[in-house]
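J.: The structure's right below; bear with me while I get my questions together.
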Amino acid sequence: MASSKAYLDFILEQLSELKEITYKAMMGEYIIYYREKIIGGIYDDRLLVKPVKSAVSLMSDVTYELPYDGAKEMLLVENVDDRNFLNKLFASMYDELPEPRKKK
């Protein structure tokens, strides 16, 4: 099942206080970037983020889910209605995210 543009727009609105949030559509889903680093994505209308230590420590309930078959597990963000939490989550994760790959 593909994710809806309406859900993407909702998440982007929730993150609108952060600068440099971008996304790319990929096979009906959306990859979310924060300051050019992949932080997670929207899969089947679920916000999933990379399982870095800061994200695990900020979440009261940690649920690991697969974005799609064959992928690595990611953290399900259930508290998407809390704008302050989402902004704090993304900001805290940034330093732990891998650097973007250099294009050849």
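J.: Please specify each residue of segment 59-92 satisfying the condition of being buried (at least 16 other Cβ atoms within 10 Å of the Cβ), touching a Lys or Arg at 6+ places or on another chain (Cβ under 9 Å) and over 17 Å from residue 12 (Cβ atoms).
T.: 67, 74, 75, 76
J.: Among the listed residues 75, 18, 86, identify the single one that is assigned to a helix (DSSP H, G or I) and either modelled with pLDDT under 95 or out of contact with any Cys (no Cβ under 9 Å at 6 or more places or on another chain) (or both).
T.: Exactly one of 75, 18, 86 is assigned to a helix (DSSP H, G or I) and either modelled with pLDDT under 95 or out of contact with any Cys (no Cβ under 9 Å at 6 or more places or on another chain) (or both), namely 86.
J.: Tally up the residues in segment 50-72 that are assigned to a strand (DSSP E or B) and among the aromatic types (Phe, Trp, Tyr), please.
T.: Residues meeting the conditions: 1.
J.: Does residue 79 qualify as being in contact with a helix residue (DSSP H, G or I) (Cβ under 6 Å, 6 or more places away or on another chain), free of Cβ contacts under 8 Å to residues at least 24 places away in the same chain and on the phi < 0 side of the Ramachandran plot?
T.: So residue 79 passes the test.
J.: Then there is this: Return the residues of segment 21-49 that are surrounded by 16 or more Cβ atoms within 10 Å (Cβ to Cβ), basic (Lys, Arg) and either touching a Phe, Trp or Tyr at 6+ places or on another chain (Cβ under 8 Å) or in a loop (DSSP other than H, G, I, E, B) (or both); say none if nothing qualifies.
T.: Once the filter is applied, which keeps residues that are surrounded by 16 or more Cβ atoms within 10 Å (Cβ to Cβ), basic (Lys, Arg) and either touching a Phe, Trp or Tyr at 6+ places or on another chain (Cβ under 8 Å) or in a loop (DSSP other than H, G, I, E, B) (or both), segment 21-49 yields only 37.
J.: So which residues in segment 1-11 are among the aliphatic types (A, V, I, L, M), surrounded by fewer than 16 Cβ atoms within 10 Å (Cβ to Cβ) and in a helix (DSSP H, G or I), if there are any at all?
T.: 6
J.: Now for a separate question. Determine the pairs where a residue that is over 21 Å from residue 69 (Cα atoms), located within segment 1-16, has a partner that is in a helix (DSSP H, G or I) and among the hydrophobic types (A, V, I, L, M, F, W, C) with Cβ atoms under 7 Å apart, the partner being 6 or more residues away or on another chain.
T.: So the pair list comes out as 14/86; 15/86; 15/90.
J.: What is the one condition in (1) more than 15 Å from residue 11 (Cβ to Cβ); (2) more than 11 Å from the chain's Cα centre (by Cα) that residue 37 does not satisfy?
T.: Every listed condition holds for residue 37 apart from (2).
The values are calculated or read from the model by the stated rules, or taken from the named source; none is laboratory data. Just so it is clear, the structure is predicted and the values come from calculations on it, not from any experiment. Positions of Cβ are backbone-derived with ideal geometry, glycine not excepted, and every protein chain shown enters the neighbour counts.
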